[in-house]
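Asker: Please see the structure below; I have some questions.
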Amino acid sequence: MAIENAQALQDAERARAQERIQRRKAELASRAKDEFLAVVSHELRTPLNAILGWTVILRGRSAPPELDHGLSIIERNARAQAKLVEDVLDVSRIISGKLALTMGVANLADLISTSVETVTPAANAKGIRISVDIEDQPLAITADAARLQQVIWNLLSNSVKFTQRGGAIAVHARRRDTDVQVIISDTGEGIAPSALAYVFEPFQQADASTTRRHGGLGLGLAIVKHLVSAHGGTIVAASDGEGKGATFTLQIPAHIAVAALATTKGAAKFSVQASEGSNSPRLDGLKVLLVDDEPDALEVIGEVLRSQGADVRYAPSARVALDQFATLKPNILLSDIGMPVMDGFSLIRAVRSLPSDLGGDIPTIAITAYARAEDAVRATRAGYQAHITKPIEPDHLLRVLAEVAGRT
Ligand SMILES: Nc1ncnc2c1ncn2[C@@H]1O[C@H](COP(=O)(O)OP(=O)(O)OP(=O)(O)O)[C@@H](O)[C@H]1O
Ligand SMILES: [Mg+2]
């Protein structure tokens, strides 16, 4: 009896040890995958940064029509590629439970108009009409505005993608008792009953053949579904079948917490920002020290800042930046994070250790191709006020810079 008990105990102990080893292995594998994705997305973003930055700059300089046409195609494709990278990263964040929402006040009506504006050129090109019917009631809710924008944009761009030339898309939004409802319907190719149950699964596409007519990875709706659930909402797809159009109904709870209103104004202001284009803030008289080991990045970011009147000084390494810091007396420091020998974390620590009359409390922004939430957290913990990811959106960069430099 005693021997049997001892044996059982030993077995249980062995099983537990085995389980610990397995868990540890799984953790390590998951971390390795995370790191791998972070590195890959970093390497993919870095060239996109120069491509996108320059096309936006050159297009802003009233290029001759043929050149502008070419540039607009480069810009559209660079954005499409940036979105692919972003989607793959989002899915990996979702899988590892690391997709965090930044709650603030979001006005659904604004998010809808911005998303409609964004897809309008693509819709126009296919002769698709978009009608928007927003009820005349406040549609402000507590949400992550940027993520909700992503949801609506994804639904709209699917409708444009899967609707034939000359079709129509309708967007209705209204407030109900406890939630806000957005319905996006189109007259497009519709969804077969057998496919309807799977549209929200990652990598599921009605047409995944090599001869398929539409691009995409099939991640859009999987991300949408997750983001909607994270907001406590629901999303349902409906279609009468192939060729009969599709309707997506989105519901987000509308409880507006007054406390949230008060504390997250700043966040909302930042996340609602959209590429409004032309009225970027001027930066005249602002001396910017720009640090990046990559010459293309220095040049493109420098150009964006100079175009708005900033006085830009360049440092190809953190060491050089630090050596010049005292004599240059910049008003703001913009630095890359991943640099050889001395990285952006060491740089900010060195700067922050200076007395304030030598610039120790200078406003700083990290500009990096590391786009994970934890990278932003690390950058801000190290002492940067803001974190911007490459590829930079010139307009976004300018606005964040103006905000951090106290120019707004
Ligand atoms: N409005 C729609 N009309 C018809 N089919 C749709 C519509 N929206 C989605 N689908 C179907 O659901 C599938 C999954 O959509 P999802 O947005 O996840 O992927 P995708 O658009 O193919 O690629 P991605 O969004 O990753 O670029 C699509 O491939 C398509 O078959
Ligand atoms: Mg899609």
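The values are calculated or read from the model by the stated rules, or taken from the named source; none is laboratory data. A quick note: this is a predicted structure, and the numbers were derived from the prediction, not measured. So basically every Cβ, Gly included, is an ideal-geometry build from the backbone, and we count neighbours across all protein chains shown. Side chains are part of the model used for accessible areas, which takes the heavy atoms of the whole protein and leaves out ligands, DNA and RNA. Shrake-Rupley method; radii C 1.70, N 1.55, O 1.52, S 1.80 Å.
Asker: With only Lys, Arg, Asp and Glu charged, each at its Cβ (+1 for the first two, -1 for the last two), find how big the charge dipole of the stretch 45-195 is about the Cα centre; round to the nearest 20 debye.
Answerer: The calculation lands at about 400 debye.
Asker: Additional query: Need one number: the % of Cα-Cα pairs in the stretch 317-398 sitting beyond the 14 Å mark.
Answerer: Tail of the P(r) past 14 Å holds 60 percent of the pairs.
Asker: By a straight-distance test (C-alpha under 17 Å), which aspartates and glutamates pair with Lys33 as possible cross-link partners, with residues fewer than eight away in the same chain excluded?
Answerer: Lys33 reaches Glu43, Glu86, Asp87, Asp90, Glu374, Asp375.
Asker: Given the rule -39500 (n - 2.57) for each run of at least 4 DSSP H residues, summed and divided by the residues of the chain, what is its mean residue ellipticity at 222 nm, to the nearest 500 deg cm²/dmol?
Answerer: Value at 222 nm, helices only, nearest 500: -17000 deg cm²/dmol.
Asker: Against the 2.2 N^0.38 Å scaling, with N counting residues, where does the stretch 1-140 land? I'd like the Cα-based Rg ratio to two decimal places.
Answerer: Cα Rg divided by the expected 2.2 N^0.38 Å: 1.83.
Asker: So which of Lys83/Lys126; Lys287/Lys329; Lys83/Lys161; Lys25/Lys225; Lys98/Lys225; Lys161/Lys244 end up more than 18 Å apart, counting from Cα to Cα?
Answerer: Table pairs above 18 Å Cα-Cα are Lys83/Lys126; Lys25/Lys225.
Asker: At 1.4 Å probe size, with the rest of the protein present, what percent of the exposed accessible area of the chain is carbon and sulfur atoms?
Answerer: 56
Asker: For the chain, what is the charge dipole size about the Cα centre, in debye to the nearest 20, if Lys and Arg each add +1 at the Cβ and Asp and Glu each add -1 at the Cβ?
Answerer: So the magnitude is around 260 debye.
Asker: What do you get when you divide the Cα radius of gyration of the chain by 2.2 N^0.38 Å, with N the number of residues?
Answerer: This ratio for the chain stands at 1.14.
Asker: Using per-residue counts of other Cβ atoms within 10 Å, averaged over each peptide, order 394-403, 151-160 from highest down.
Answerer: 151-160, 394-403
Asker: Mean Kyte-Doolittle hydropathy of 0.0 or higher plus an axial Cα length of 24 Å or more: which whole DSSP H helices in the chain meet both?
Answerer: What comes out of the filter, once short or polar helices are dropped, is 108-125.
Asker: Could you work out Rg/(2.2 N^0.38 Å) for the stretch 80-233, with Rg from alpha carbons only?
Answerer: Relative to the 2.2 N^0.38 Å estimate, the stretch 80-233 comes out at 1.05.
Asker: In a solvent-free Debye calculation with one equal scatterer on each Cα, what is log10 I(q)/I(0) for the stretch 1-70 at q = 0.12, 0.14, 0.19, 0.27 Å⁻¹, listed in the order of the q values?
Answerer: Rounded to two decimals, the profile gives -0.62, -0.70, -0.85, -1.06.
Asker: Measure out, as a whole number of angstrom, how far apart the alpha-carbon centroids of the stretch 71-116 and the stretch 179-235 sit.
Answerer: About 15 Å separates the Cα centre of the stretch 71-116 from the one of the stretch 179-235.
Asker: Okay, next question. Considering only Gln324, Trp153, Gly243, whose Cα is most displaced toward the positive end of the charge dipole of the chain, charges sitting on Cβ of Lys, Arg (+1) and Asp, Glu (-1)?
Answerer: Final value for the positive-end residue is Gln324.
Asker: Tell me whether the stretch 60-152 comes out rounded, prolate or oblate; compute the Cα gyration tensor, take square roots of the eigenvalues as a ≥ b ≥ c, and use a/c under 1.5 as the rounded threshold.
Answerer: Cα axes put the stretch 60-152 in the oblate bin.
Asker: Leaving out ligands and nucleic acids, and using a 1.4 Å probe, what accessible area per residue does the chain come to in Å²?
Answerer: Spelled out: the 1.4 Å probe surface of the chain, per residue, equals 51 Å².
Asker: Which distance in nm do the two modelled labels at Ser62 and Ile95 give, with both placed 7 Å along the Cα-to-Cβ direction?
Answerer: Modelled inter-label distance: 5.0 nm.
Asker: Also, quick follow-up: Count charges around Gly190 for me, please; just the other residues with Cβ under 10 Å from its Cβ, Lys/Arg as +1, Asp/Glu as -1.
Answerer: In short, -3.
Asker: Another question, if that's okay. Please work out how much length the chain gains when fully extended from Lys33 to Asp133, using 0.36 nm per residue of separation minus the C-alpha to C-alpha distance, in nm with one decimal.
Answerer: That pair, Lys33 and Asp133, stretches by 31.6 nm at full extension.
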